[in-house]
1. Ordering 100, 240 by accessible area with a probe of 1.4 Å, largest first, what comes out?
2. Working with all protein chains in place, sort 296, 256 by solvent-accessible area computed with a 1.4 Å probe, largest first.
3. Once ligands and nucleic acids are excluded and a 1.4 Å probe is used, how much of residue 219 is accessible, expressed in Å² to the nearest 10?
4. Heavy atoms of the protein only, probe of 1.4 Å, neighbouring chains included. What is the accessible area of residue 155 in Å², nearest 10?
5. At a probe radius of 1.4 Å, what is the per-residue accessible area of residue 96, in Å² to the nearest 10?
6. What does the net charge come to around residue 99 if you take all other residues with beta carbon closer than 12 Å to its beta carbon, with K and R at +1 and D and E at -1?
7. Once the other residues with Cβ under 13 Å from the Cβ of residue 47 are scored (Lys, Arg +1; Asp, Glu -1), what is the net sum?
8. Give me the percent of accessible area attributable to carbon and sulfur for region 209-305, probe 1.4 angstrom.
Amino acid sequence: MVEKPPRRKLSGAARTLVWIALLAGGYYALGLLALQEEIGGVETRLLWAPTGLSLAALLYLGPRVWPGIWFGSMLINVSLERPIVPSFLIATGTTVGLLCAYWLMRRAGFRNEIDRVRDVLALIGLGAGLGMAIGVTLNTTVLTTYGIGVPLEYLPRWFDVWTYFALGVLVGTPIFLVLWQVFPIRRIRLLRAIEAVALLGCTVLAALLATNSAQHPFYLVFPVMIWAGLRFGLPMVAPCAVVASTMVIVAAEQGHEAFAGESGIPREALIQAFIASLTLTGMVLSAAIRQRDAAHAEVERTATELVGVIHQLDRRLRPRITPPRRAAESLRSPPELTPGPRGRDPTTQ
């Protein structure tokens, strides 16, 4: 019988290079997909998914894969036929912003499971908020300086870029973290799998009703997100949020009249506000439920340990008491008489 030679595992440097190449390719592919977004025949940006993928990669693999972000952003800028120097600076600004977001979230104690409310707040405030603001500031300065893109003032352009960068982190980072943690899929119960499929089906149905009916009942999607948060947590909240967000964006691109109110607020801003509200509802509820369950389990564990300690102290400190059976036997038997000196009966004395 011939033994097969053992497979050679990639070294640490080789694995890092593979991850960098995959991250650059994923960034480029998602960026090209996001560039196809149009609402009313006008090119727009609602959600920049590459930022979500990049931050998730940094959180899961570490900062060693940052060149993948830079190369992916560089490829996107070159595909837009931008000059080399501003493309280099924009790619650098995007990478610096995502690295800052990663560092700030790790300093705040962020956990990839996002099973605490503080993790959600760190993702919102430090990842999507402050971290993306740093990168967007650098990028907007380059775009304005070189006169690239739509000739807008600095602040409106900054806010526009920051909005879709931040929304990409808010929606994209949780789903990519979930995918990295779930695969390969482990054993799950059949009823649980059926419920998960039904949940996704209800998400699709609610989004279809919200975008295609005349009344546009967008509130129908929120009970589905509450269901996902209560029953499954982040592993189903993130996919449901992505499905609902994608269907809303596609409906807007196809010319549906969703979010076409007369409030004076731009349609793109209403869509982004809906996606952010929907995602935050599911994430905050999921984190609060998981944090409550963890606290309840900790209380039960502490109570069990305390009961064990009390039992041990009780056994050690309990006084030694003669068992009742031995006490009864000692009462029945008469005391033994000790003979007197020289064998005389002491009763005759």
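The values are calculated or read from the model by the stated rules, or taken from the named source; none is laboratory data. Only a predicted model underlies this, so the values are computations on that prediction, with no experimental measurement involved. Quick reminder, even Gly has a Cβ in these numbers, built from the backbone with ideal geometry, and neighbours come from all protein chains shown. All accessible areas refer to the heavy atoms of the entire protein, side chains included, with ligands and DNA or RNA removed. Shrake-Rupley method; radii C 1.70, N 1.55, O 1.52, S 1.80 Å.
1. Output order, biggest surface exposure first: 100, 240.
2. I get 296, 256, largest accessible area first.
3. Accessible area, nearest 10 Å²: 150 Å².
4. Per-residue accessible area (residue 155): approximately 130 Å².
5. About 60 Å², rounded to the nearest 10.
6. +2
7. Every neighbour counted, the sum reads -3.
8. Numbers: 3100 of 4800 Å².
Carbon and sulfur: 65 percent of the exposed surface of region 209-305.
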